[in-house]
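Structure record follows, encoded as structure tokens.
The values are calculated or read from the model by the stated rules, or taken from the named source; none is laboratory data. Owing to the predicted nature of the structure, the values given are computational and were not obtained by experimental measurement. So basically every Cβ, Gly included, is an ideal-geometry build from the backbone, and we count neighbours across all protein chains shown.
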Amino acid sequence: MSKTVIVKYKHAGDEFEILVNSDMAYEYITGKRTDPLSVLEAEDIFKDAGKGEKASDEKLKKAFGTVEVAKVADIMLKKGDVPITTEQRARLAEDKRKQIIEMIAKNSIDPRTNAPNPPLRVENAMKEARVSVDPFKSVPEQVEIVVDKLRPILPLKFTTVKMEVVVPAEYANRSFGILKQYGMKSDEWQGNGSLKAVVEFPAGLQGEFFDKINKLTQGKVLTKILQ
């Protein structure tokens, strides 16, 4: 049975807390759920959730660079102390490792032969390079780091796409989680409340990205390929 748990995050001596649904929080950090607001039991960032004391805007701005609840919740869920079991953590890390291997194998070639890199070859190279996988970071966020570590061992040519995305105001907060998962390089809130961001991810993920962002925005998102 699902229960409410507290996710904690510390920064420069300040503590922040959010109340989340335990099952939904696990779904979010495993990538099965993309909207950080849907995980929250209360759309507030607390200094002390038990006492109902909210964090000040000044503290939030200092720690997260924003007071937007969706952005703060995403950071806390990805980098904070999320109450999950040791078994869940191990399973999460293993799932992420398999997804990273699959993504690299599907989107890279050996530049010497222009042939694909089989999953087993990628997996063995990761073992040799002693690559560690962060169970709480999305796969697109980690692929670039993993590829850099593999290059001295496994020749790789990796094709990526860089894209500008403009999300209408009514969907902006809820889109933040998806944009973060797909390698968000910058974000800029517009005067009308819309969000303009630049994302960069493996070219093979374009279809998946478009499906998710169009579903969230009901097709109202604007995109432009930058490279």
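Restricting S186, S175, S132 to residues that are of a type in the set (G, A, S), part of a strand (DSSP E or B) and not assigned by TED's automatic domain parsing to the domain that holds D35 narrows the list to S186.
Being in contact (Cβ under 8 Å) with a residue 40 or more places away in the chain, farther than 30 Å from Y26 by Cβ, surrounded by 15 or more Cβ atoms within 10 Å (Cβ to Cβ) and not β-branched (V, I, T) is a property that holds for L156.
Residues that are at pLDDT below 90 and under 30 Å from K127 (Cβ atoms) within the stretch 152-183 comprise P155, L156, K157, F158, T159, T160, V161, K180, Q181, Y182, G183, listed in sequence order. You will find that of V199, V147, the residue that is β-branched (V, I, T), in the same structural domain as I104 (by TED's automatic domain parsing), in contact with a Phe, Trp or Tyr (Cβ under 9 Å, 6 or more places away or on another chain) and touching a residue at least 24 places away in the same chain (Cβ under 8 Å) is V147 and no other. So is S138 within 22 Å of the chain's Cα centre (by Cα), polar (S, T, N, Q) and more than 26 Å from R97 (Cβ to Cβ) or not? Against the criterion (within 22 Å of the chain's Cα centre (by Cα), polar (S, T, N, Q) and more than 26 Å from R97 (Cβ to Cβ)), S138 does not qualify. In the stretch 120-161, the residue that is nearest to L226 (Cα to Cα) out of those that are in contact with a Gly (Cβ under 9 Å, 6 or more places away or on another chain) and of a type in the set (S, T, Y) is T160. Could you go through the stretch 87-104 and let me know if any residue there is under 26 Å from E123 (Cβ atoms), touching a strand residue (DSSP E or B) at 6+ places or on another chain (Cβ under 8 Å) and surrounded by 17 or more Cβ atoms within 10 Å (Cβ to Cβ). Scanning the stretch 87-104 turns up at least one residue that is under 26 Å from E123 (Cβ atoms), touching a strand residue (DSSP E or B) at 6+ places or on another chain (Cβ under 8 Å) and surrounded by 17 or more Cβ atoms within 10 Å (Cβ to Cβ). In this structure, V139 does not qualify as among the hydrophobic types (A, V, I, L, M, F, W, C) and in the same structural domain as V221 (by TED's automatic domain parsing). Looking at the structure I just gave you, is T113 crowded, with 16+ Cβ neighbours inside 10 Å, outside any helix (DSSP H, G or I), of a type in the set (V, I, T) and without any contact (Cβ under 8 Å) to a residue 40 or more places away in the chain? No; evaluated as a whole, the condition is false for this residue. Of the residues making up the stretch 28-62, those that are surrounded by fewer than 12 Cβ atoms within 10 Å (Cβ to Cβ) and under 28 Å from L92 (Cβ atoms) number 2. Taking the condition closer than 27 Å to I101 by Cβ and surrounded by 13 or more Cβ atoms within 10 Å (Cβ to Cβ), does K127 pass? Considered against the rule, which asks whether it is closer than 27 Å to I101 by Cβ and surrounded by 13 or more Cβ atoms within 10 Å (Cβ to Cβ), K127 comes out as no.
When the residues of the stretch 190-202 are filtered to those that are surrounded by 13 or more Cβ atoms within 10 Å (Cβ to Cβ) and out of contact with any Lys or Arg (no Cβ under 7 Å at 6 or more places or on another chain), the one that is farthest from T159 (Cα to Cα) is S194. A residue that is surrounded by fewer than 18 Cβ atoms within 10 Å (Cβ to Cβ) and part of a helix (DSSP H, G or I) can be found somewhere in the stretch 213-226. Candidates are the residues of the stretch 132-151 that are more than 23 Å from V69 (Cβ to Cβ) and among the charged types (D, E, K, R); the one that is modelled with the lowest pLDDT is E144.
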